[in-house]
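Only one structure is covered here, and it is reproduced in the block below.
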Amino acid sequence: MTEILQQLVNGLAGGCVYAGLALAVSVVFQGTGLLNFAQGEMAVVAAYAAWSLAAAGWPPVAAIPVVVAGSAALGAVLERVLVRPVEGTSPLALITVTAALLLGLNGLVAVIWGTDPHSWDSPFGASAVRLGDVVLTAQQIGSVAVVAVVMVAVGCFFRFTGLGLRMKAVAINPGSAVLLGIRPGRMLAVGWALAGAVGGVAGLMTAPTVGLSPEMMQGPLLMAFAAAALGGFASPFGSALGGVVLGVLTTMAARYVPALGGDLALVVPFGVIFLVLLVKPSGLFGRAAVVRS
Amino acid sequence: MRKWLLWGVVAVAGIALPYILDDYQTFQIARVTTTALPIASLVLLTGWSGQVSAGQGALFGLGAYTCAIAIVSGGLPWPVAVLLAMVVGLAAGLLLGLPALRLSGMSLGLITLSLAVLFPLLLSRFKDLTGGPFGIQTPPVRTPAGIQLSSAQFLYLVTFVALAAVFALLALLCRGRTGRALDALRLQPAMARTTGVDTRRLSVLVVGMSGAVAALGGALNALVLQSVVPDAYAFTFSLALLTGAVIGGIRSWAGALVGAVFVVYVPQLVSDTVGDTLAGHWTQVGYALVLLLTLYFAPQGLAGLGSRITTKIGERRAHQNFAP
Amino acid sequence: MSGVLSVTGLRARYGGVEVVHGIDFDVHEGEIVALVGPNGAGKTTVLRGISRTVRTQGTVTLLGVGTHGKDAASVARLGVGHVPQGRGTFADLTVLQNLRLGLLARGRAHRRHGDADLTRMIDMFPVLGEFLSRPAGALSGGQQQMLAIARALLARPRVLLIDEPSLGLAPVTTSMLFRTLRELRSDWGVSVLLAEQNARLSLSIADRAVVLAGGLIVHTGPSAEVAESGELRRAYLGSAAEQAVTR
């Protein structure tokens with residue numbers, strides 16, 4: 001029983017990071033109907049940037065906000081400069097641009113920071129808490145708390161701010177939004193910035209667990225896509241919830257299905273994506289009508 | 001008429017090349033012909049049916065491994081192994097195509113990207129079958145008795161004939177009725193359904209065929225290289241193939257050849273320039289840049305650019321290009 | 001009377017076909033102008049040209065400011081409210097959220113009065129007040145039309161363009177809606193350009209009318225005069241005859 005509880009806790013903690021990245025994927029998708037293949041690589045850039053700042057002697061309290069702001073700026077710049085030229089052409093051109101970003105950012109990170117993996121101490125320290133026989137590391141508690149705060153903040157942003165409302169308006173009916181003086185292009189840039197920041201946080205929370213390497217977010221990105229597929233790409237809330245589910249599912253599968261140990265846990269998100277798209281492509285929380293052609 | 005003449009020249013040149021070049025150069029152009037196959041499968045898939053694949057490298061690798069395992073562990077003769085690889089590729093494609101047509105053509109991209117990330121992991125996991133990180137060495141293909149050709153020349157001609165056959169088949173398929181159905185599928189999926197095209201079946205079939213073509217390329221490529229290793233089929237290779245397809249021209253069979261030249265020679269060029277250690281990563285950056293520039297300034301690729309120049313000169317074909 | 005909106009030499013084409021062939025007219029301060037004409041006369045295109053949601057040639061000036069080279073969002077910010085055909089409400093957002101988007105679009109000068117205006121708006125359309133937390137998509141056609149007009153008005157435009165408000169509405173709803181439209185100018189200080197196929201209805205509330213047929217203005221004048229004129233009937237009949245021939 002303790003064993004199962006422990007796995008559940010580990011799964012929840014891991015799932016929170018997937019939830020963060022899935023939220024980022026979903027924020028971009030609901031605005032544009034676009035899957036950003038490069039969302040994971042943007043998070044890698046954030047993690048390496050934070051690592052460089054830490055190496056230069058910055059305390060985490062200063063480095064993290066700067067990196068998150070930088071990720072937001074990177075997201076907006078990528079959207080305005082590299083995605084914008086193909087906006088409104090075809091979904092294939094859009095998705096190919098994000099594939100190019102994935103390829104390019106992955107290469108750039110390796111060129112700038114090298115391919116050797118680095119370990120990175122958790123900003124929350126190495127202590128652990130015992131609850132009965134279940135162990136919670138400070139890293140787990142800290143990352144869950146941070147991601148939870150980010151989720152609530154994003155939820156509040158969409159619910160209570162004018163900017164969030166405008167973004168939703170553009171996502172639902174860009175033609176009408178324009179008539180109210182809203183510039184859809186700007187809202188898309190804001191969406192990418194928001195996704196960049198949220199994804200950046202997910203990257204920072206992943207690094208202490210899996211270490212820094214150019215490939216560090218490939219697994220989490222797959223998890224995030226599966227999570228978003230499960231929860232509905234157009235539903236930020238559903239996507240985030242899907243992340244938590246995926247975390248638990250994968251941890252449990254890796255522990256209790258003998259064939260799925262280690263790296264092969266990625267079979268789980270692949271299976272989830274495949275099945276969800278086959279059976280209920282709008283996801284568990286999505287609406288059928290979100291797909292734009 | 002001119003187009004047929006051009007293809008005739010290409011065919012003659014393709015057959016003549018191994019008699020002019022030495023065996024190493026012949027080996028290199030055999031890499032090009034075998035790489036052109038998965039790129040042609042992307043032309044069919046993306047350019048004609050409007051679905052993007054970010055995992056064609058994995059299907060290519062699946063073909064390569066199937067072929068290698070069938071020869072080395074199964075003791076099959078290589079032509080049978082190649083056919084088997086195609087069948088496996090077809091089956092994998094059909095399976096991947098099942099959930100297609102959702103999320104406006106993006107769902108296949110999502111599934112194939114996941115496959116591209118997962119595939120190398122599967123290879124290192126099933127060591128007993130795949131040889132783990134060291135892969136499998138395949139024996140050289142010998143020239144049949146009675147033919148006066150070196151092994152490299154013979155194998156190249158085999159790949160060339162395979163490529164020519166695939167080009168001819170796909171080009172025929174994309175004309176006429178099926179071509180129109182594919183156009184409908186790509187441009188107006190919802191409309192296509194109402195006009196009686198069985199869009200779901202068609203799109204699944206197209207993904208299956210593109211899987212078979214990619215696997216054929218992978219199998220022949222494994223014979224040319226005489227080895228298969230997991231590193232060769234990393235997810236970045238899938239994206240390199242996509243880059244090749246877009247650069248060459250996403251709706252152009254000739255473009256698939258151009259793209260293959262690009263994918264085969266650019267990494268070598270980069271490695272000669274920046275040294276081996278970071279060559280792969282600089283190549284990626286280069287691919288990304290060229291891919292973006294192509295999408296912005298020549299969305300029909302180099303082949304499209306070429307035909308645009310010839311139309312400017314000829315002016316006659318202008319209408320044909322825009323005809324539905 | 002000064003021109004709030006002035007249109008000169010407006011031309012528009014779809015594909016290669018010109019559908020509006022260079023037309024001139026003004027809308028004055030506090031005026032309701034009816035743009036009438038048969039189906040396909042180019043009414044919707046004229047409205048879209050003014051709000052710059054389609055590209056046109058010619059000049060459109062709003063309070064003396066030319067809209068040339070501006071995008072649709074900028075024109076909206078200049079003070080053009082456009083209630084498009086089909087209403088264009090945000091179906092997944094609540095009624096209140098739709099209205100808030102209108103409030104968010106208003107210029108700085110009006111920001112302080114937002115809450116008061118919202119209350120006023122709900123007085124004008126009480127049914128919206130009842131359904132504030134409902135998704136807009138769940139409203140009836142008439143209610144959505146009211147919502148679309150209310151949303152546009154809350155942005156405090158100087159000119160309100162309304163496209164075929166009666167489309168798909170029951171006659172009772174339509175006449176109620178038009179009665180409300182007549183009060184707009186005094187309550188909200190807005191000029192109205194109303195494109196409506198139902199000429200009798202729109203002439204009953206308009207000060208002036210512009211009759212459009214085949215992309216040209218065939219007649220213009222005070223509503224009462226236009227209603228009596230033969231041009232109006234000819235515009236409609238001409239198109240009906242044409243349609244009869246082409247069919």
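The values are calculated or read from the model by the stated rules, or taken from the named source; none is laboratory data. Worth saying up front: this structure is predicted, and the values here are computed from it rather than measured. Note: ideal-geometry Cβ built from the backbone for every residue, glycine included; neighbour counts use all protein chains shown.
Assorted remarks:
Residues checked against (1) in contact with a strand residue (DSSP E or B) (Cβ under 7 Å, 6 or more places away or on another chain); (2) under 30 Å from C:Ser229 (Cα atoms):
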position	(1), (2)
C:His21	yes, yes
C:Asp26	yes, yes
C:Ile32	yes, yes
C:Gly58	yes, yes
C:Val75	no, no
C:Leu78	yes, no
C:Gly88	no, no
C:Asp92	yes, no
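- Strands (runs of 3 or more DSSP E) fully within region C:177-235 counting 3 or more residues that are among the aliphatic types (A, V, I, L, M) and either within 18 Å of C:Phe125 (Cβ to Cβ) or in contact with a Ser or Thr (Cβ under 9 Å, 6 or more places away or on another chain) (or both): C:191-195, C:208-213
- Figure legend. Inter-residue proximity from region B:219-233: first residues on the phi > 0 side of the Ramachandran plot, second residues in a loop (DSSP other than H, G, I, E, B), beta-carbon distance below 7 Å, spacing 6+ or different chains. Indicated pairs: B:Gln226/B:Thr138; B:Gln226/B:Pro140.
- Of note, B:Leu113 satisfies the criterion of being crowded, with 24+ Cβ neighbours inside 10 Å, within 19 Å of the chain's Cα centre (by Cα) and part of a helix (DSSP H, G or I).
- Residue pairs meeting the criteria (Cβ under 6 Å; at least 6 apart or on separate chains; first among the hydroxyl-bearing types (Ser, Thr, Tyr), in region A:226-247; second assigned to a helix (DSSP H, G or I) and buried (at least 24 other Cβ atoms within 10 Å of the Cβ)): A:Ser239/A:Ala22; A:Ser239/A:Leu23; A:Ser239/A:Ser26; A:Ser239/A:Ala227; A:Ser239/A:Ala228; A:Ser239/A:Gly231
- The residue of region A:109-168 that is modelled with the lowest pLDDT, among those that are of a type in the set (Gly, Ala, Ser) and under 30 Å from B:Val274 (Cα atoms), is A:Ser119.
- Some residue of region A:81-89 being under 30 Å from A:Leu5 (Cα atoms) and either surrounded by fewer than 22 Cβ atoms within 10 Å (Cβ to Cβ) or among the polar types (S, T, N, Q) (or both): no
- Selected residue [more than 14 Å from every other protein chain (Cβ to nearest Cβ) and out of contact with any helix residue (DSSP H, G or I) (no Cβ under 9 Å at 6 or more places or on another chain)] from B:Gly75, B:Gly89, B:Gly63: B:Gly75
- Scan of region A:235-252 for residues that are within 14 Å of chain B (Cβ to nearest Cβ) and surrounded by fewer than 24 Cβ atoms within 10 Å (Cβ to Cβ), ordered by number: A:Ser235
- Selection count, region B:231-245, where residues are among the acidic types (Asp, Glu) and in contact with a Phe, Trp or Tyr (Cβ under 7 Å, 6 or more places away or on another chain): 0
Condition check ((1) part of a helix (DSSP H, G or I); (2) without any contact (Cβ under 8 Å) to a residue 40 or more places away in the chain; (3) over 18 Å from B:Ser238 (Cβ atoms)) across all residues:
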residue	(1), (2), (3)
B:Thr35	yes, no, no
B:Ala54	no, no, no
B:Phe60	yes, no, no
B:Cys67	yes, no, yes
B:Val88	yes, no, no
B:Leu94	yes, no, yes
B:Pro99	no, yes, yes
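- Candidates C:Leu101, C:Leu128, C:Leu132: the one that is surrounded by 17 or more Cβ atoms within 10 Å (Cβ to Cβ) and more than 10 Å from chain A (Cβ to nearest Cβ) is C:Leu128.
- Residue selected from region A:262-280 under the condition at the interface with another protein chain (Cβ under 9 Å from one of its Cβ atoms) and of a type outside the set (A, V, I, L, M, F, W, C), by the criterion nearest to A:Pro220 (Cα to Cα): A:Pro269
- So A:Ala202, is it surrounded by fewer than 23 Cβ atoms within 10 Å (Cβ to Cβ), more than 10 Å from chain B (Cβ to nearest Cβ) and either modelled with pLDDT of 95 or more or in contact with a Leu (Cβ under 8 Å, 6 or more places away or on another chain) (or both): no
- Members of region B:248-277 found to be within 11 Å of another protein chain (Cβ to nearest Cβ) and either touching a Ser or Thr at 6+ places or on another chain (Cβ under 7 Å) or crowded, with 18+ Cβ neighbours inside 10 Å (or both), listed by number: B:Ile250, B:Val270
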